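The values are calculated or read from the model by the stated rules, or taken from the named source; none is laboratory data. Predicted model, so just to flag it, every value in this text is computed and none were measured. With ideal geometry, Cβ positions are generated from the backbone for all residues, glycine too; neighbour counts draw on all protein chains shown. All accessible areas refer to the heavy atoms of the entire protein, side chains included, with ligands and DNA or RNA removed. Shrake-Rupley method; radii C 1.70, N 1.55, O 1.52, S 1.80 Å.
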Amino acid sequence: MSTTGRKRVLAIVLAGGEGKRLMPLTADRAKPAVPFAGIYRLIDFALSNVVNSGYLRVVVLTQYKSHSLDRHVTTTWRMSTLLGNYVAPVPAQQRLGKHWYLGSADAIYQSLNLVHDDRPDIVVVVGADHVYRMDFAQMVDQHVASGASCTVAAIRQPISLADQFGVIDVNPDDPRTIREFLEKPKSPDGLPDNPDEVLASMGNYVFDARALAEAVARDSDMQGSKHDMGGDIVPAFVRRNEGGVYDFKDNQVPGATDRDRGYWRDVGTMRSFYDAHMDVVTPLPVFNLYNTAWPIFTDYGPQPPAKLTKGADGTAPVAEEALLSPGVVVSGGQVRRSVLSPAVRVEQGAVVEGSVLMNGVKVGAGAVVRNAILDKSVVVPPDAELGVDQELDAKRGFIIDDGLTVLGKGQKFPDD
């Protein structure tokens with residue numbers, strides 16, 4: 001039985017990320033609004049985890065290029081106002097001075113009016129740009145039982161990768177308490193129960209509401225602070241012996257399988273974004289989108305069913321290890337190990353392999369697209385090749401990122 005049944009919980013989703021490393025996908029949209037796996041936006045995973053956990057009062061703090069994100073949240077995420085539930089996107093408002101958010105902690109500090117208005121006992125703070133499933137209610141239960149003022153969600157990683165993460169050094173005598181928060185350490189101690197692993201912060205937190213308000217207010221006046229939740233707020237709690245850690249391996253999500261249990265991916269680079277897509281197209285997916293016990297909610301508009309049909313010359317379509325969204329039409333083309341978003345068209349004789357095609361992309365007859373990410377409304381001309389010769393792609397002005405050819409929204413092919 002949950003220990004937090006009478007606790008009032010407010011969820012804050014930090015969705016102000018600029019996403020520079022995902023350019024050109026973030027040229028016109030905030031990182032949390034970037035499409036993922038055909039029909040979703042990245043923010044849908046954070047919001048789905050929150051509402052599936054039973055937390056139905058949610059504010060989404062936005063900042064950079066937020067129009068697409070605001071539109072998606074307001075048109076998709078509607079709660080019962082009769083029961084006092086809501087998902088509200090809140091842009092940066094400069095309530096406390098003529099400056100935008102200086103960091104994730106400053107975003108919460110400038111938005112404390114939302115906390116005061118809701119009067120929660122507990123505040124759950126989550127990022128908006130990771131792909132995973134998590135029941136936050138289990139983390140909140142541990143937080144309340146522990147008596148900590150701040151609890152950080154953490155995922156186990158090989159100790160050899162410690163220098164890539166913010167690492168949580170735990171107390172050996174009480175592994176649920178944080179001894180020190182280490183930023184990309186070179187030689188940290190391993191975990192008491194597994195010396196070959198460390199705990200890396202997932203960017204998700206649970207706070208006592210009053211303690212959070214006091215912490216971000218103190219931080220606002222700190223000289224030299226970066227006003228960051230992980231870099232400044234959490235270490236401050238740790239220094240006061242008020243920091244706890246929640247091990248993600250203990251999280252039991254309904255419907256999870258042995259293959260996808262504990263999956264979490266930060267899609268902050270083009271390669272990790274691409275690899276996460278490949279994780280969902282395999283026959284036994286590393287991340288299972290078909291878990292109906294813990295659904296990922298979204299809205300993709302009034303699209304017709306996907307359609308596979310022969311080409312004009314009778315060529316049969318091929319689709320292997322592919323996600324085909326509503327509105328997709330493959331007419332005698334071949335699609336392998338790829339994700340096709342709504343309203344994508346693949347014409348006769350075209351080949352799409354190892355690629356991610358976003359809404360409205362059209363691949364002309366006889367064209368070849370390999371190892372590519374194409375943003376909305378890109379048109380690949382008939383018989384063109386993309387991702388086949390990356391030197392040629394670079395000469396055409398296309399972005400080459402870690403072996404991937406990437407085209408921005410509506411980007412056109414030059415006249416060769």
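So what does Asp117 come to for accessible area, using a 1.4 Å probe and Å² rounded to 10?
The value for Asp117 is about 110 Å².
Can you compute 3J(HN,Hα) from phi for each residue in region 73-84, using the Karplus curve 6.51 cos²θ - 1.76 cosθ + 1.60 with θ = phi - 60°, rounded to whole Hz and x for Gly and Pro?
5, 6, 8, 9, 9, 10, 10, 6, 5, 4, 9, x
Hey, if we sort Lys186, Lys20 by accessible area with the 1.4 Å probe, largest down, what's the order?
Lys186, Lys20
Taking all protein chains together and a probe of 1.4 Å, list Met358, Met79 from the most accessible to the least accessible.
Order by accessible area, largest first: Met79, Met358.
Please work out the average accessible area per residue across the chain, using the 1.4 Å probe convention, and give it in Å².
44 Å²
For region 225-296, run through the chymotrypsin sites (Phe, Trp or Tyr not before Pro) and keep only the ones in DSSP coil with at most 14 other Cβ atoms within 10 Å of their Cβ.
Those that pass, being in a loop and sparsely packed, are Tyr290.
Which percent of Cα pairs goes in each bin when the distances of region 261-381 are cut into 10 angstrom slices starting at zero?
All Cα pairs considered, the percentages come to 14, 44, 33, 9, 1.
What residues qualify as long-range amide H neighbours of Val170, i.e. H under 5 Å apart, gap of 5 or more or another chain, H built at 1.01 Å from N?
Result for Val170 returns Arg179.
Taking θ = phi - 60°, what integer Hz values does the Karplus form 6.51 cos²θ - 1.76 cosθ + 1.60 yield along region 200-205, in sequence order, with x for Gly and Pro?
9, 5, 9, x, 10, 9
Measure nothing but the geometry: give the 0 to 90° angle between the long axis through the Cα atoms of 136-146 and the longest principal axis through the Cα atoms of the chain, rounded to 10°.
Helix 136-146 and the main axis of the chain meet at about 20 degrees.
Please list 3J(HN,Hα) in residue order for region 185-190, calculated via the Karplus relation 6.51 cos²θ - 1.76 cosθ + 1.60 where θ = phi - 60°; whole Hz, with x for glycine and proline.
Each residue of region 185-190 in turn: x, 7, 9, x, 6, x Hz.
Any idea of Thr75's accessible area? Nearest 10 Å², probe 1.4 Å.
70 Å²
Over 29 Å, how big is the tail of the calculated P(r) for the chain, in percent of all Cα pairs?
When every Cα pair of the chain is considered, 48 percent fall beyond 29 Å.
Going Cα to Cα from Lys395, which lysines come in below 21 Å? Please leave out same-chain ones fewer than 8 positions away.
Lys409, Lys412
Give me the percent of the accessible area of the chain that comes from carbon and sulfur atoms, probe 1.4 Å, all protein chains in place.
Ligands and nucleic acids excluded, carbon and sulfur give 49 percent.
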